[in-house]
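Colleague: Pasting a structure below so you can have a look.
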Amino acid sequence: MNKTIQIAVVGSGYVGLVAAVCFAEIGHDVVCVDNDERKVAALQSGDTLIHENHLPELLNRYRNTKIRFTTDLGEATRTSDAIFIAVGTPQSENGDADLSYVEAVACEIARSLTSYKVIVEKSTVPVYTNKWIRRAIERNGVARHIFDVVSNPEFLREGTAVSDFLHPDRIVVGADSEAAAELLAAIYAPLTTGAYYAQPNAIPGACTTTTPPPLLQTSTKSAEIIKHASNAFLALKISFINAVSNLCEATDANIEQVARGMGLDSRIGPRFLRPGIGYGGSCFPKDVAAFRSVADGLGVDFSLLTEVEKINVSQKKRFLSKVRTALWTLRGKRLAVLGLAFKGETDDIRESPAIDLVEMLLAEGSSITAYDPAAMKRAQAELPASPQLRYVEDSYAAAKDADALLVLTDWREFATLDLERINTLMRYPIVIDGRNLFDPKTMQQHGFTYLSIGRPAVNPARELESAATVSV
Ligand code: UDX
Ligand code: UDX
């Protein structure tokens with residue numbers, strides 16, 4: 001029988017809110033804390049605020065039973081056994097992670113600590129943060145023996161965050177005390193024993209009762225480094241395949257064949273080898289910068305990470321050149337943009353390469369008609385609509401009278417568009433695909449000039465004769 005544990009999660013953003021509903025889903029009682037009153041009020045009324053698969057259904061299931069929302073961190077601390085810190089750790093100007101929210105939360109927790117509690121770092125933080133949190137709490141007059149600080153990094157991806165949480169490849173617990181490690185093991189026991197997967201309405205995924213996820217116990221410092229190193233390595237994998245895709249373009253080879261050939265090597269693996277317009281989001285850009293900054297601070301040369309960033313930035317510029325190659329000049333051109341989120345299946349536009357590209361194209365004097373299935377509200381808050389930038393209700397409205405259509409986010413719904421209809425709507429049937437969503441042959445058959453990443457460009461079959469004079 002798994003034990004119900006009283007859990008507080010501080011920070012109700014993409015990470016905290018998902019962790020909170022998932023803790024409720026595996027049987028614990030959860031109080032969610034946020035210092036944003038409007039957010040708390042919205043969550044209390046059942047609004048999830050973010051676009052995330054399974055989140056509405058789980059919130060609905062547990063709201064007012066196993067999960068409640070408050071702005072009162074003191075009360076949440078007093079009534080919980082474990083307090084997870086999941087507030088933002090944004091990038092500061094010099095690339096370091098800004099830990100001021102984490103520090104503020106630690107100090108506030110300290111004011112309400114009267115009996116033994118485990119404080120858990122869930123936010124992505126640099127190595128030694130654990131030590132700093134401990135120090136901050138002790139400086140507020142709390143005795144050393146009534147608390148422990150552990151590191152339990154999160155590896156969830158936006159869009160699939162709930163199933164990533166409930167079906168993780170691994171659970172990492174960095175703890176320097178047995179009592180704290182045991183509490184964390186008890187929290188995750190429904191997953192690690194496989195009991196959760198036997199429930200009839202368990203969220204489906206890769207783990208099963210017979211293949212539950214492993215829990216890896218490490219030192220706090222190792223756990224902190226595991227998180228940064230994992231994100232930096234995934235970013236490196238993406239920059240590497242982007243660089244290889246550029247080589248493919250220079251040689252007329254095909255990145256899909258190359259990535260497949262590489263990925264079949266089990267030492268490399270097929271995932272995170274999709275070329276595109278560069279990685280974005282709230283994690284990779286800031287975590288690569290923060291990890292490099294950690295290395296710099298410790299006198300360790302990790303300039304490899306600088307190269308990872310360099311390739312990522314140049315990937316966007318290369319895409320812009322590709323648009324220029326297809327259209328010649330950009331001023332006055334009317335472009336359809338499909339996708340504004342930093343990747344498909346999310347409404348998040350933080351560090352979105354799509355938003356960067358829209359800004360670059362506007363600066364070049366193009367006018368844009370944009371559509372995204374979930375991120376338009378957030379995009380409009382960042383880039384307000386204007387005569388030069390219009391937001392429309394679907395992909396077909398975006399394509400109407402366009403000189404070219406650009407695919408900037410890998411939404412599944414874009415891959416199933418009616419290509420015949422798109423072609424008829426456009427002024428010129430030119431598609432420049434930053435996410436390789438379409439098959440070049442199919443695009444050619446549908447009469448498009450089609451440019452993608454790391455694959456030979458194609459012209460419509462009927463234009464092949466004139467390709468000798470004008471070629472893209
Ligand atoms: C953030 C970080 O970006 C990531 O590195 C970390 O791993 C987890 O936290 P995310 O959940 O996406 O990820 O951030 P965000 O959506 O901004 O949510 C943070 C929440 O914390 C917000 O709701 C904010 O209101 C809240 N917050 C912030 C507090 O409750 N207290 C504070 O002092 C600061
Ligand atoms: C990432 C990590 O995957 C996750 O483990 C961590 O907890 C948080 O950061 P997330 O930012 O939600 O998750 O998205 P992810 O799916 O990793 O994609 C990040 C960026 O890389 C996106 O812009 C995506 O489009 C891009 N990407 C991803 C590629 O360009 N190619 C790929 O093959 C994979």
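Colleague: With +1 on each Lys and Arg Cβ and -1 on each Asp and Glu Cβ, how big is the dipole of segment 6-218 about its Cα centre, in debye rounded to the nearest 20? Intermediate results must be reported in sequence, preceding the final value.
Modeller: On the way: 17 positive and 26 negative charges, 78 e Å.
For this selection, approximately 380 debye.
Colleague: Around residue 50, under 9 Å between beta carbons, what's the net of Lys plus Arg minus Asp minus Glu among the other residues? Show your work: numbers first, answer last.
Modeller: Working: positive: none; negative: 52, 158, 347, 348.
Cβ neighbours under 9 Å give a net charge of -4.
Colleague: Could you please state, rounded to a whole Å, how far the C-alpha centre of segment 217-290 is from the C-alpha centre of segment 164-214?
Modeller: Between the Cα centres of segment 217-290 and segment 164-214 lies a distance of 26 Å.
Colleague: Excluding residue 141 itself, what net charge comes from residues whose Cβ is under 14 Å from its Cβ, given Lys and Arg +1 and Asp and Glu -1? List each step's numbers first, then the result.
Modeller: Working: positive: 111, 134, 135, 139, 144; negative: 108, 138.
Once positives and negatives cancel, what remains is +3.
Colleague: By how many degrees, 0 to 90 and rounded to 10, does the Cα axis of helix 353-363 deviate from the longest principal axis of the chain?
Modeller: 50
Colleague: May I pose another question? Of 358, 262, 165, which is farthest towards the positive pole of the chain's charge dipole, taken about the Cα centre with +1 and -1 on the beta-carbons of Lys, Arg and Asp, Glu respectively?
Modeller: 262
Colleague: So if R0 is 22 Å, what FRET efficiency would residue 64 and residue 185 give, r being the distance between their Cβ atoms, rounded to the nearest 0.05?
Modeller: Working: r = 29 Å, r/R0 = 1.31.
Efficiency, from the Cβ-Cβ distance: 0.15.
Colleague: Would you mind calculating the relative contact order of segment 8-158 from Cα pairs under 8 angstrom and at least 6 residues apart, reporting the percent as a whole number? Present the calculation step by step, with values, prior to reporting the outcome.
Modeller: On the way: 257 pairs, mean separation 34.4, N = 151.
About 23 percent, as a whole number.
Colleague: Now for a different question. Would you kindly find the accessible area of residue 155, with a 1.4 Å probe and non-protein molecules such as ligands, DNA and RNA excluded, rounding to the nearest 10 Å²?
Modeller: Surface accessible to solvent at residue 155 totals approximately 50 Å².
Colleague: Could you give me the ³J(HN,Hα) list for segment 169-175, computed from phi with Karplus coefficients 6.51, -1.76, 1.60 and θ = phi - 60°, whole Hz, x at Gly and Pro?
Modeller: For segment 169-175, the Karplus-derived couplings read 5, 7, 10, 9, 10, x, 9 Hz, x marking Gly and Pro.
Colleague: Please give the charge dipole size of segment 229-311, origin at the Cα centre, charges +1 on K and R Cβ atoms and -1 on D and E Cβ atoms. Round to the nearest 20 debye. Don't jump to the answer; show the numbers that get you there.
Modeller: Working: 8 positive and 9 negative charges, 56 e Å.
Roughly 260 debye for segment 229-311.
Colleague: For segment 383-397 and segment 1-52, compute the distance between their C-alpha centroids and round to whole Å.
Modeller: A separation of 34 Å, based on Cα centres.
Colleague: Extension gain residue 57-residue 321, at 0.36 nm per residue separation less the Cα-Cα distance, in nm? Spell out each step's value before the answer.
Modeller: Values: separation 264, 0.36 × 264 = 95.04 nm, distance 4.35 nm.
Length difference between fully extended and current span is 90.7 nm.
Colleague: For segment 229-311, what's the relative contact order in percent, using C-alpha pairs closer than 8 Å and at least 6 residues apart? The partial results should precede the final answer.
Modeller: Details: 71 pairs, mean separation 32.8, N = 83.
Relative contact order here is 39 percent.
Colleague: Of the heavy-atom accessible surface of the chain (probe 1.4 angstrom), what whole percent is carbon and sulfur? Display every interim value, and only then the final one.
Modeller: Numbers: 10980 of 20810 Å².
Whole-percent figure for carbon plus sulfur exposure: 53.
Colleague: Ignoring ligands, DNA and RNA, what accessible area per residue does the chain give at 1.4 Å, in Å²? Numbers along the way, then the final one.
Modeller: Values: 20810 Å² over 472 residues.
Result: 44 Å² per residue.
Colleague: A further question follows. Starting from the residue with the highest accessible area, list 346, 442 in decreasing order, probe 1.4 Å. Provide the component values of the computation, followed by the final result.
Modeller: Working: 346 0, 442 45 Å².
Output order, biggest surface exposure first: 442, 346.
Colleague: Given a 1.4 Å probe and the protein chains all in place, what does the accessible area of residue 105 round to, in Å² to the nearest 10?
Modeller: 20
Colleague: Just name one of 314, 141, 114: the one whose Cα is farthest towards the positive end of the charge dipole of the chain (beta-carbon charges, Lys/Arg +1, Asp/Glu -1).
Modeller: Highest projection toward the positive end goes to 314.
Colleague: Compare 28, 446, 145 by solvent-accessible area with a 1.4 Å probe and give them largest first, with all protein chains kept in place. The partial results should precede the final answer.
Modeller: Details: 28 0, 446 50, 145 140 Å².
The residues order as 145, 446, 28, largest area first.
Colleague: Just want the answer: with Cβ charges of +1 for Lys and Arg and -1 for Asp and Glu, which residue in 442, 460, 325 is farthest toward the dipole's positive end in segment 313-471?
Modeller: Of the candidates, 325 comes out farthest on the positive side.
Colleague: So what does residue 350 come to for accessible area, using a 1.4 Å probe and Å² rounded to 10?
Modeller: So the heavy atoms of residue 350 present about 110 Å² to solvent.
Colleague: Assuming R0 = 51 Å, can you tell me the calculated FRET efficiency for the pair residue 233 and residue 424, based on Cβ-Cβ distance, to the nearest 0.05? Mind showing how you got there, number by number?
Modeller: Details: r = 45 Å, r/R0 = 0.88.
Once the sixth-power term is evaluated, E becomes 0.70.
Colleague: What FRET efficiency do you get for residue 401 and residue 138 if R0 is 60 Å and r is their Cβ-Cβ distance, rounded to the nearest 0.05? Don't skip to the end; give the middle numbers.
Modeller: Working: r = 65 Å, r/R0 = 1.09.
Once the sixth-power term is evaluated, E becomes 0.40.
Colleague: Here is a follow-up. Name all residues of segment 12-29 having a backbone nitrogen under 15 Å from the label point set 7 Å from the Cα of residue 2 along its Cα→Cβ direction, giving them as ranges.
Modeller: 19-29
Colleague: Something else now. Quick one: compute the contact order of segment 313-471, relative version, from alpha carbon pairs under 8 angstrom and 6+ residues apart, as a percent. Don't skip to the answer; put the middle values down first.
Modeller: Working: 297 pairs, mean separation 32.1, N = 159.
Reported as a whole number, the value is 20 percent.
Colleague: Now, a different point. Modelled label-to-label distance, residue 359 and residue 382, 7 Å Cα→beta-carbon offset: nm?
Modeller: 0.8
Colleague: Taking only DSSP H segments of four or more residues, each worth -39500 (n - 2.57), what value at 222 nm results for the chain once the sum is divided by all its residues, to the nearest 500 deg cm²/dmol?
Modeller: Computed mean residue ellipticity for the chain: -12500 deg cm²/dmol.
Colleague: Where the only charges are on Cβ atoms (+1 Lys, Arg; -1 Asp, Glu), what is the dipole of the chain about its Cα centre, to the nearest 20 debye? Don't jump to the answer; show the numbers that get you there.
Modeller: Details: 49 positive and 57 negative charges, 63 e Å.
So the dipole magnitude of the chain works out to roughly 300 debye.
Colleague: Still on this model: Using the basic label-point model (7 angstrom from Cα toward the beta carbon), what is the residue 445 to residue 201 distance in nanometres?
Modeller: Placing both labels 7 Å beyond Cα along the Cβ direction yields 4.4 nm.
Colleague: Please give, to one decimal in nm, the separation of the simple spin-label points placed at residue 217 and residue 157, each 7 Å out from Cα toward the Cβ.
Modeller: With each label placed 7 Å out from Cα toward Cβ, I get 3.1 nm.
Colleague: From largest accessible area down, sort 132, 328, 411; use a 1.4 Å probe on the protein chains. Before the final figure, lay out the partial values.
Modeller: Working: 132 135, 328 210, 411 15 Å².
Output order, biggest surface exposure first: 328, 132, 411.
The values are calculated or read from the model by the stated rules, or taken from the named source; none is laboratory data. Computed from a predicted model, the values in this text were never measured in an experiment. Using ideal geometry, Cβ is built from the backbone for each residue, glycine included, and neighbour counts are taken over all protein chains shown. Only protein heavy atoms, including side chains, enter the accessible area calculation; ligands, DNA and RNA are left aside. Shrake-Rupley method; radii C 1.70, N 1.55, O 1.52, S 1.80 Å.
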